């Protein structure tokens, strides 16, 4: 069966510090991978998605970036965090169009 | 007009009530429709999946899609306190396009 792992689960980072959130999927190959952010009262905001290694589409211009160094690995990064980057970050995967999307457990980021 | 509209609630009902959650959308190309349930501080989990128009039932849950009205619904029968969560609708069209989510409706079922 397929599983998705996301870490760290919780982190508190000072403004201006770097960020790295990692996500891996097991039990499938060539998944579509996504990073979402969920802020209070704003719903799920798609940040990045990837349909293959090295292929990243950005939905929202900001100080975040994403990379996909391996087929089932997706990384969300920032060089310098802003207060507005605080939120709940969710990694997700699907096998393709029209198929269900599965979410990880999420990472709570508080920028102080 | 936003692509997907969903009333954020909160919605509070007594245990045993029938709950109706709804979303409207504007993109006629949408053909895959889903409902997710999200408990506090957890990732969303898939609850119901429907392709095109029609009804789908799974236990106490029924999903309805009316493509002519661009309207989807989720009904929960005999609601339980454990149903208290945020419910998000999601939909997509053909091709490799990401799902579009509603903002979610927060539901509380009071014992």
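The values are calculated or read from the model by the stated rules, or taken from the named source; none is laboratory data. Just so it is clear, the model here is predicted, and its values are computed rather than measured. All Cβ positions, even for glycine, are placed from backbone atoms using ideal geometry, and neighbour counts span all protein chains on display.
Which members of the stretch A:74-90 meet the condition of being closer than 21 Å to residue A:4 by Cβ and either free of Cβ contacts under 8 Å to residues at least 24 places away in the same chain or surrounded by fewer than 15 Cβ atoms within 10 Å (Cβ to Cβ) (or both)?
A:77 - this is the single residue of the stretch A:74-90 that is closer than 21 Å to residue A:4 by Cβ and either free of Cβ contacts under 8 Å to residues at least 24 places away in the same chain or surrounded by fewer than 15 Cβ atoms within 10 Å (Cβ to Cβ) (or both).
Sort through A:93, A:108 and tell me the only one that's surrounded by fewer than 21 Cβ atoms within 10 Å (Cβ to Cβ), assigned to a strand (DSSP E or B) and out of contact with any helix residue (DSSP H, G or I) (no Cβ under 7 Å at 6 or more places or on another chain).
A:108
Starting from residues that are surrounded by fewer than 17 Cβ atoms within 10 Å (Cβ to Cβ) and modelled with pLDDT of 95 or more, keep the ones in the stretch B:76-105 and report whichever is nearest to residue A:49 (Cα to Cα).
In this case the residue turns out to be B:82.
Among the numbered criteria (1) more than 27 Å from residue A:88 (Cβ to Cβ); (2) free of Cβ contacts under 8 Å to residues at least 12 places away in the same chain, which single criterion is violated by residue B:52?
(2)
Could you say which residue among A:17, A:67, A:57 is in a strand (DSSP E or B) and more than 29 Å from residue B:105 (Cβ to Cβ)?
Just a single option satisfies the conditions, and that option is A:67.
Which of the residues spanning the stretch A:73-108 are modelled with pLDDT of 95 or more, away from chain B (no Cβ under 12 Å) and under 13 Å from the mean Cα position of the chain (by Cα)?
Result: A:73, A:74, A:75, A:76, A:77, A:78.
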